[in-house]
Amino acid sequence: MTSADTAETIVKARRAAIGPATAVALGLIALLIVWLAVNFEKSPALFVKAFLIGITNGSVYALVALGYTLVYGILELINFAHGDVFMLGGMMSATFLVSIFHLGSDPSAVYLWPALFASLAISIVFCGVLNASIERIAYRPLRKAPRLAPLITAIAMSFILQNVAIAWKGPNYISLPINILPHGVVFSIGRNTYTWDALIVVLLTVPVLVALVWLVQYTKRGKAMRATAQDREAAAMMGIDVNRTISFTFLIAGGLAGAAGLIYAIYFTSIRFDQGFQLGLFAFTAAVLGGIGNLPGAVLGALFIGLVQSFNNTLGWHAPGSDWTQSIVFSILILILVFRPEGILGERTPEGG
Amino acid sequence: MSDVATDTVLRVDGIHSYYGSIHALKGVTLEVRTGEIVTLIGSNGAGKSTTLRSINGLIHPRRGRITFLGKDITNTAAHHVVGMGISQSPEGRRLFPRMSVTENLEMGAFQRTDKANFKEDMERVFTLFPRLAERRSQKAGTMSGGEQQMCAIGRALMARPKLLMLDEPSLGLAPIFVERIFETVIEINRQGTAILLVEQNALMALDVASRGYVLETGTVALEGPADRLKADEQVRKLYLGEG
């Protein structure tokens, strides 16, 4: 009786506490909508441009965010080294495209596409194997340790990879020819154009996402991944080799990071040792926003973060500007962690609140 | 006495298993023969589930030996034990909650490669549990306890086991479900699968089993034919709730 009463009081107290917070949140969302509407009204063309840039950036974030979410789903580990695996993939791609395939500015399609797909394949395989090796060497021995141990190891791994990149390429930006991708106009709205390089990013990303969903939903390996994520011991009792399934998950997550690395390198045409860390934090925010462990959630969160970034950087009317992008994105991360830790599409779990 | 070598499906020989530093099994010996239902009864913490976990390879005993169909499986990894012919419906059912009933059953057949028989076995499970057929595309986590138990037993059957281990299949179920589950257990056994049944509901378990073992703090305190155990004064007092 008394415990039920206490529980009820707590629930009531909680509701009362959430009341004003919800009001503030709703107010912020209303303000945001007004801001977007005014911007759209003032310059529809700029708004559409910002939207398209956001989708393009967001799709790169999605590839990285999926890696975080896949690994979290199966191990409940935030793999902080993931962003750095992506960065090494970008450097690998840059090396292959420029130093080995000798792509310059405006390469002809005959050279561009084979070199691009070869580099893509190399980057995917390299990052996949790298990520799986990291799991084997650094995380598996800690499988039964308290959760903090692998988390700290992941941060250490992140530093190691960054230093490997410095040793390999030095501390400065390494750049690719700016016109490595065709910059022709796909369509234009007013003075604003949408160019082929942005479209190519989306065209490379979408098939990768579709392939991943197919793999996880319908293949035997994918089902083993989901089973292992939901109940590792029960999966072992079904005859699923849990260690192999976890390795496979890291392989896939690394492969996605490799694909993202190449796409980032050819779209932004420069990459530095610390960019994996920055982009990784954005992608991690995206994964949390969508509900960590949830694949469609990660894509949705990534597109959202991409849009936040580009609206903030591009829009003309009272946009805080690119200096504020990181503050805004990480404020979003904090707000989610406080008010909806399970994310937009995540499920409320007893331990996850 | 018939030939022990061919007649014995499972033999557990004086195993000592640990949970961390806790000495959970102190020399458990038991045997399941062809066509038998053997029950393992005992109070909470007596080591029933630990015995099953030692058999299916989730933990490995530090001492003693487990043989299955003549092969030593003492240190075989869990995912290989299934392929050899031991499957389990674990305590608490342990379904994959966000997978459909069909997908859960597919997972039960994970080690198998014969596609034709796979369909047939799926139908067999749906015949045993028509309720599951109705719910085949429902997420397992959203079903009632009884339905989940059916799904867990069905999933274990999908491995075409030679030995089926059931851990507390009646736990938390309404009496009508308990009866259905036990009827099905008998039916599965009649179709030729040996069964090792762990139960707190000792009365029910001794009704369906041919032999039983009573575990007490990690050792076998009593063993024998089910009728004899049911008549035993100590068993009646401790496990059948009689004064």
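The values are calculated or read from the model by the stated rules, or taken from the named source; none is laboratory data. This is a predicted model, so every value here is computed, not measured. Every residue, glycine among them, receives a Cβ derived from its backbone with ideal geometry; neighbour counts consider all protein chains shown. Calculation scope for accessible area: heavy atoms of the full protein, side chains included, ligands and nucleic acids excluded. Shrake-Rupley method; radii C 1.70, N 1.55, O 1.52, S 1.80 Å.
The C-beta contact set for region B:203-215 (first residue more than 22 Å from B:Gly14 (Cα to Cα), second residue at pLDDT below 95 and of a type in the set (S, T, N, Q), distance under 8 angstrom, 6+ apart or interchain) comprises B:Met204/B:Ser170. Which number in (1) open to solvent by 20 Å² or more (accessible area, probe 1.4 Å); (2) within 9 Å of another protein chain (Cβ to nearest Cβ) marks the one condition that A:Gln278 misses? The one condition A:Gln278 does not meet is (2). Filtered by the rule that a residue be surrounded by 15 or more Cβ atoms within 10 Å (Cβ to Cβ) and of a type in the set (A, V, I, L, M), region B:222-243 gives B:Leu222, B:Ala226, B:Leu229, B:Val235, B:Leu238, B:Leu240.
Look at region B:104-117 and say how many of its residues are open to solvent by 20 Å² or more (accessible area, probe 1.4 Å) and in contact (Cβ under 8 Å) with a residue 12 or more places away in the chain. Final tally of qualifying residues: 5.
Residues in region B:58-80 that are over 10 Å from A:Met238 (Cα atoms) and within 11 Å of chain A (Cβ to nearest Cβ): B:Leu58, B:Ile59, B:Ala77.
Filtered by the rule that a residue be of a type in the set (A, V, I, L, M, F, W, C) and more than 8 Å from chain B (Cβ to nearest Cβ), region A:231-263 gives A:Ile246, A:Phe248, A:Phe250, A:Leu251, A:Ile252, A:Ala253, A:Leu256, A:Ala257, A:Ala259, A:Ala260, A:Leu262, A:Ile263.
The sole residue among B:Gly57, B:Gly35 that is closer than 21 Å to B:Leu164 by Cβ, open to solvent by less than 30 Å² (accessible area, probe 1.4 Å), part of a loop (DSSP other than H, G, I, E, B) and not hydrophobic (A, V, I, L, M, F, W, C) is B:Gly57. Here region B:23-57 is the region considered, the condition is being charged (D, E, K, R) and in contact (Cβ under 8 Å) with a residue 24 or more places away in the chain, and the residue that is nearest to the other protein chains (Cβ to nearest Cβ) is B:Arg53. Scan region A:209-230 and give yes if some residue there is within 24 Å of A:Val164 (Cβ to Cβ) and within 14 Å of chain B (Cβ to nearest Cβ), otherwise no. No; the residues of region A:209-230 include none that is within 24 Å of A:Val164 (Cβ to Cβ) and within 14 Å of chain B (Cβ to nearest Cβ).
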